[in-house]
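One structure is given here, and the rest of the page talks about it.
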Amino acid sequence: MQINPPQSDTTSSTTNTQPTAANTRIRLVALGNGVWLDDICRAGCEPVKNVPGGSVTFATLGARLFAADEPSRIAMTFNAGHDFPEDIIDVFRSWDIDLTIHKLHDKPSSRGLVFYEEANNNRKGFQRLTEPLPVPIKDLKGTLSLKAQSFEFFGTAQYIEEQVADLVKLRWDKIIRHIRTEPFIVWEPHPKSCTPDTLKAHQEAAKLVDVFSPNHEELHSFFGEPVESVDTDMIEEQARSFVKAGIGPMGEGCIVVRAAGHGCLIMARHVKSHWLPPYYPADSDKVVDATGAGNAFLGAFAVGFCSTGSNVEAGVFGTVAASFALEQVGLPVRVGEGDEETWNGCLVMDRVHEYRQRLKLD
């Protein structure tokens, strides 16, 4: 697989590792704000530097957790600045995914500061230090990634409209898009774009995707009154407004509201709504850092739905993926191959079976 570097950048190079065979179908590609390098800042502690982050990183992780048998069917493409650490690239290589990296030699990597509250160690805020280096759909032209089974996007309503339009243009005629079920598209909205003024724009853009997934705070922001405590009735009422407006080209999509320690709500027009609890309770000592857990959830949700055809089963995949993302600062540790592959010392499917038994799904 090869991707042409951006036309405006004359000092870039492309590296591809673990290329996927031409007859193999990519299961997921995550696009959005790219791969970030975060400095984690906690009161009284030295910052932890160069922690890999960003929606692309964790959505890819979520999908990769469920691809032990065919890891190269998960694709990851990102732009890396001249200062991107080689040891982090080595971590991505070790996942054996279809990995394509554009090295932009005249630009710095995307970097940010993550702040945590001193009292309860909850994430307080994020400060961007450099510009994001996103990969648009157009840059996937001519690659197997363009024909992926599913996509996970992070961005504004305008971004989604642009990316889906380009996806349609490059894959099929627009009319066919409205009668086909592929690709499966999951959209996580950009938090700062979730305002009352953009509610209608988000509802219109949600008609282009299969899954719309704000967290509960982002959902509340559309209606103008942030709520300090989690009110499940309010979440359901606000989520229903998106379902009534229509999610997906045929109105058959769903909204997934991620509500942190309260789990997630899955709601669709003709399917019974479900609340799924988190894998770990909010006060569990296993919860170290929730950064990226929502992105991991959505990457796993996409491959879970494409594997099972069930929103609830996809939610199980997502919940388990989130549990691996929040057990440490940064990325979980992978050991072994195939059926023996573990993450943080645990077989992923063992955790799935345990969670399903807890929900009485087995």
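The values are calculated or read from the model by the stated rules, or taken from the named source; none is laboratory data. Just so we're clear, the structure is a prediction, and the values are computed from it rather than from any experiment. Reconstructed Cβ throughout: ideal geometry from the backbone, glycine too, with neighbour counts over all protein chains shown. When the accessible area is computed, the model is the full protein with side chains, heavy atoms only, and any ligands, DNA or RNA have been set aside. Shrake-Rupley method; radii C 1.70, N 1.55, O 1.52, S 1.80 Å.
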From the list Glu217, Glu161, Glu236, Glu225, which one is open to solvent by 20 Å² or more (accessible area, probe 1.4 Å), without any contact (Cβ under 8 Å) to a residue 40 or more places away in the chain and either within 27 Å of Ile97 (Cβ to Cβ) or under 20 Å from the mean Cα position of the chain (by Cα) (or both)?
Glu217
Counted residues in region 74-96 being hydrophobic (A, V, I, L, M, F, W, C), within 14 Å of Pro52 (Cβ to Cβ) and not in a helix (DSSP H, G or I) come to 5
How many of the residues making up region 57-112 are farther than 23 Å from Gly315 by Cβ, among the charged types (D, E, K, R) and open to solvent by 10 Å² or more (accessible area, probe 1.4 Å)?
10
For Ala325, which of the numbered conditions (1) among the small types (Gly, Ala, Ser); (2) within 30 Å of His270 (Cβ to Cβ); (3) open to solvent by less than 40 Å² (accessible area, probe 1.4 Å) fails to hold?
(2)
So Leu276 clears everything in (1) over 27 Å from Pro332 (Cα atoms); (2) at pLDDT 95 or above except one condition, right? Which one?
(1)
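Being farther than 21 Å from Pro191 by Cα and either in a loop (DSSP other than H, G, I, E, B) or modelled with pLDDT of 95 or more (or both): is that true of Asp289 here? Walk me through it before giving the result.
Working: farther than 21 Å from Pro191 by Cα: no; either in a loop (DSSP other than H, G, I, E, B) or modelled with pLDDT of 95 or more (or both): yes.
No: the conditions fail for Asp289.
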